[in-house]
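Colleague: Supplied in structure tokens, the structure appears directly below.
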Amino acid sequence: QVQLVESGGGLVQAGGSLRLSCAASGSIISVNTISWYRRAPGKQRELVAAITSGGRTNYADSVKGRFTISRDNAKNTVYLQMNSLKPEDTAVYYCNAMSTVRPYWGQGTQVTVSS
């Protein structure tokens, strides 16, 4: 089992920044890739960014150059630094951990960007 707890969401004005955190616990040795997804109202869930255990990263085109994903292996935490936020970034952001057995999800954290 892997437990994921997200934090750092909130309300911010357009152009502002937020940093999301995803703290992992449990059988994290089985986890390779940790990702951030988001679901905006009325839209499907989409991949925002991902990072492998080796540090390789991947980003959605819509966030490239604005968002940065990183991980602190000593703290078992993955971060999503979000800069130059836009109203269209408003969504519930979810942390996902892909283990050798199954995917795990956090409870989500709301990010609201006002114009």
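Colleague: What is the extension gain from residue 73 to residue 47, computed as 0.36 nm multiplied by their sequence separation minus the C-alpha to C-alpha distance, in nm to one decimal?
Modeller: Numbers: separation 26, 0.36 × 26 = 9.36 nm, distance 2.17 nm.
Between residue 73 and residue 47, full extension yields an extra 7.2 nm.
Colleague: Further, regarding this structure: Of all DSSP beta bridges located in the chain, what percent are antiparallel, nearest 5? Show your work: numbers first, answer last.
Modeller: Numbers: 40 of 44 bridges.
Of the beta bridges lying entirely in the chain, close to 90 percent run antiparallel.
Colleague: I've got another one for you. Applying 1/(1 + (r/R0)^6) with R0 = 35 Å to the Cβ-Cβ distance of residue 1 and residue 40, what FRET efficiency is obtained, to the nearest 0.05? Mind showing how you got there, number by number?
Modeller: Details: r = 29 Å, r/R0 = 0.83.
FRET efficiency, residue 1 to residue 40: 0.75.
Colleague: Place a +1 charge on the Cβ of each Lys and Arg in the chain and a -1 charge on the Cβ of each Asp and Glu, then give the dipole magnitude about the Cα centre in debye, rounded to the nearest 20. The partial results should precede the final answer.
Modeller: Details: 12 positive and 6 negative charges, 20 e Å.
Once rounded to the nearest 20, the dipole reads 100 debye.
Colleague: Counting only C-alpha contacts under 8 Å and six or more residues apart, can you give the relative contact order of the chain as a whole percent?
Modeller: On the way: 287 pairs, mean separation 42.4, N = 115.
The value is 37 percent.
Colleague: For the chain, what is the accessible area per residue in Å² when the probe is 1.4 Å?
Modeller: Values: 6100 Å² over 115 residues.
For the chain, the per-residue accessible area is 53 Å².
Colleague: Okay, moving on. Starting from the Cα of residue 102, step 7 Å toward the Cβ, then list every residue of the stretch 4-25 with an amide N under 15 Å from that point.
Modeller: 4
Colleague: Multiplying the sequence separation of residue 64 and residue 13 by 0.36 nm and subtracting their Cα-Cα distance, what value in nm do you get?
Modeller: Numbers: separation 51, 0.36 × 51 = 18.36 nm, distance 1.95 nm.
16.4 nm is the gain from fully extending residue 64 to residue 13.
Colleague: Here's a follow-up. Using a 1.4 Å probe and counting only protein heavy atoms, arrange 66, 102 so the residue with the most accessible area comes first.
Modeller: Values: 66 25, 102 100 Å².
From most accessible down to least: 102, 66.
Colleague: Calculate one ³J(HN,Hα) per residue across the stretch 105-114 by plugging θ = phi - 60° into the Karplus curve 6.51 cos²θ - 1.76 cosθ + 1.60, and present them in order as whole Hz with x for glycine and proline.
Modeller: Values, residue by residue: 10, x, 7, x, 9, 7, 10, 10, 10, 8 Hz.
The values are calculated or read from the model by the stated rules, or taken from the named source; none is laboratory data. What you are looking at is a predicted structure, and each value in this text was computed from that prediction instead of being measured. Glycine also receives a Cβ, built like all others from the backbone with ideal geometry; neighbour counts cover every protein chain displayed. Keep in mind that these areas ignore ligands, DNA and RNA; they rest on the heavy atoms of the full protein, side chains included. Shrake-Rupley method; radii C 1.70, N 1.55, O 1.52, S 1.80 Å.
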